[in-house]
Amino acid sequence: PRNTDSYDYYNYHTISEIYRFQDMLVAENPNLVSKVVIGQSYEGRPLNVLKFSTGGTNRRAIWIDTGIHSREWVTQASGTWFAKKIVTDYGRDAALTAILDNMDIFLEIVTNPDGFYYSHTRNRMWRKTRKPNRGSSCIGVDPNRNWDAGFGGPGASSSPCSETYHGPSAHSESEVKSIVDFVKSHGNIKAFISIHAYSQMLMYPYGYTRTAVKDQAELHAVAQRAVSNLASLYGTRYRYGSIINVIYQASGGTIDWTYNQGIKYSYTFELRDTGRYGFVLPASQIVPTARETWLALMTLMDHTFKNPY
Amino acid sequence: KETFEGHQVFRIVPKDDVQLSLLKDLEDMFEFQLDFWKDVTGVGTPVDVRVPLDSLESFKSHLETRDVDYSIMIEDLQAVLDQEQEEMDSAARFAQ
């Protein structure tokens with residue numbers, strides 16, 4: 001495609017195509033979108049984050065990431081659609097315009113680029129990073145067990161061959177550490193939304209402990225509104241609640257760490273489907289998935305905007 | 001390139017705590033080379049697991065002897081992956 005209008009949002013794309021998409025979007029919208037490289041993956045790929053900003057300095061911000069588990073292809077595809085949606089709706093949609101006139105949005109479309117590349121070229125079912133593990137022939141770490149929040153506890157594996165291997169130490173993966181450093185240095189991120197697939201859930205912390213977060217009532221009410229708005233488009237049913245209650249105990253998870261950093265509106269999605277296709281969701285489902293998810297995202301972003309803390 | 005000919009994805013819904021415990025044990029067993037797509041959570045909550053061709057018969061037998069019901073979510077994973085690849089290729093050709 002020569003521009004982001006002719007990009008095929010109805011299909012899955014390789015990492016190089018997504019990198020090109022990002023550059024085109026920046027070139028087409030220089031006053032709204034810029035690219036921030038927050039680090040490098042183990043294999044040396046850039047960790048690109050799209051920054052949507054209408055100005056100001058270190059404004060309150062919303063973080064969205066997709067594709068930290070590489071085989072969950074509908075997430076990277078949805079992230080690409082979200083990026084285009086933001087530039088299309090700014091100035092047209094009152095709610096999004098109000099948000100962007102006051103806040104910045106950061107979007108990391110391919111959070112685990114090495115794994116994503118590997119899932120396209122060698123193993124479609126690859127989930128983890130691609131860093132070798134000392135003393136083991138098994139490769140990679142589960143980057144959603146690598147955060148410093150109950151790290152190494154129940155719900156993560158100490159075996160490098162496991163799909164949920166937590167890694168040798170918290171933030172050992174550059175894909176994780178780069179986000180950690182960015183969040184800490186920014187200091188004004190007010191919502192952090194990490195998007196996975198599949199099984200149709202919207203969750204808030206905690207995953208590593210049964211202790212309820214102090215903002216549970218508010219987070220639960222907002223999640224309820226978000227899934228209700230999501231369902232209004234196609235009737236897709238979501239479960240919602242804390243990670244440990246809705247899925248299972250999982251230690252070292254992304255949004256547990258962000259919440260403990262003081263980011264109150266920390267949420268994580270599991271997008272479509274309910275299990276018919278799992279990670280091999282047909283491409284025809286990408287745009288419907290992205291469209292319905294956008295309604296939930298807008299709910300979360302709008303609430304963050306209207307409830308400063 | 002790693003392929004998945006004959007691999008199946010099972011859906012198992014644990015009926016009680018005994019079955020839940022059995023499935024949790026399976027998560028830590030390397031014998032069947034299982035890949036849990038949806039991990040074991042609680043009674044009544046579906047578990048999805050990819051089973052390699054070489055383990056299919058022994059895994060089915062393992063479940064059946066313990067009276068654990070299952071259904072097949074994906075009959076042949078490689079066939080689904082091939083279809084996905086074909087769709088991507090044809091879309092790319094169309095774009096060209």
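Quick look at the numbers
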| quantity | calculated |
| --- | --- |
| Approximate spin-label separation B:ILE72-A:GLN285, in nm, with each point projected 7 Å along Cα-to-Cβ | 2.0 |
| ³J(HN,Hα), Karplus 6.51/-1.76/1.60, whole Hz, each residue of segment A:282-296, x for Gly, Pro | x, 4, 4, 8, 4, 5, x, 4, 5, 4, 5, 5, 4, 4, 5 |
| Computed label-point distance, nm, for sites B:THR3 and A:ARG225 using a 7 Å Cα→Cβ extension | 5.2 |
| Antiparallel DSSP beta bridges within segment A:1-150, as percent of all bridges there, nearest 5 | 65 |
| Whole-Hz couplings from phi, Karplus 6.51/-1.76/1.60, listed for segment A:259-269; x for Gly and Pro | 4, 5, 7, x, 8, 4, 8, 9, 9, 9, 9 |
| Under the Debye formula (equal points on every Cα, no solvent term), log10 I(q)/I(0) of segment B:23-81 at q = 0.17, 0.24, 0.30 Å⁻¹ | -0.58, -1.19, -1.65 |
| Residues A:LYS131, A:LYS214, B:LYS15, sorted so that the one with the fewest Cβ neighbours within 10 Å comes first | A:LYS214, B:LYS15, A:LYS131 |
| For segment A:1-72 and segment A:216-240, distance of Cα centres in Å | 27 |
| Derived scalar couplings ³J(HN,Hα) [segment A:57-63; Karplus, 6.51 cos²θ - 1.76 cosθ + 1.60; whole Hz; x for Gly, Pro] | 10, 6, 4, 3, 9, 10, 10 |
| Selection of trypsin sites (Lys or Arg not before Pro), segment A:28-123, meeting DSSP coil and at most 10 other Cβ within 10 Å | A:ARG92 |
| Other-chain or far-sequence residues with amide H under 5 Å of A:GLY167's (modelled H) | A:ASP142 |
| Restricting segment B:1-84 to GluC sites (Glu not before Pro) in coil, as DSSP defines it, with at most 15 other Cβ within 10 Å | B:GLU2, B:GLU5, B:GLU31, B:GLU75 |
| Spherically averaged projected area of chain A from its Cα convex hull (nm²) | 14.4 |
| Mean ellipticity per residue at 222 nm, deg cm²/dmol - from DSSP H runs of n ≥ 4 across chain B, formula -39500 (n - 2.57) | -13500 deg cm²/dmol |
| Pair B:SER90, A:ARG237: separation of 7 Å Cα→Cβ label points (nm) | 3.2 |
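Taken together, the values in this text are just the output of simple stated rules run on the coordinates, not laboratory data. Keep in mind it's a predicted model, so treat the numbers as computed, not measured. Cβ sites come from the backbone with ideal geometry, for glycine too, and all protein chains shown count toward neighbours.
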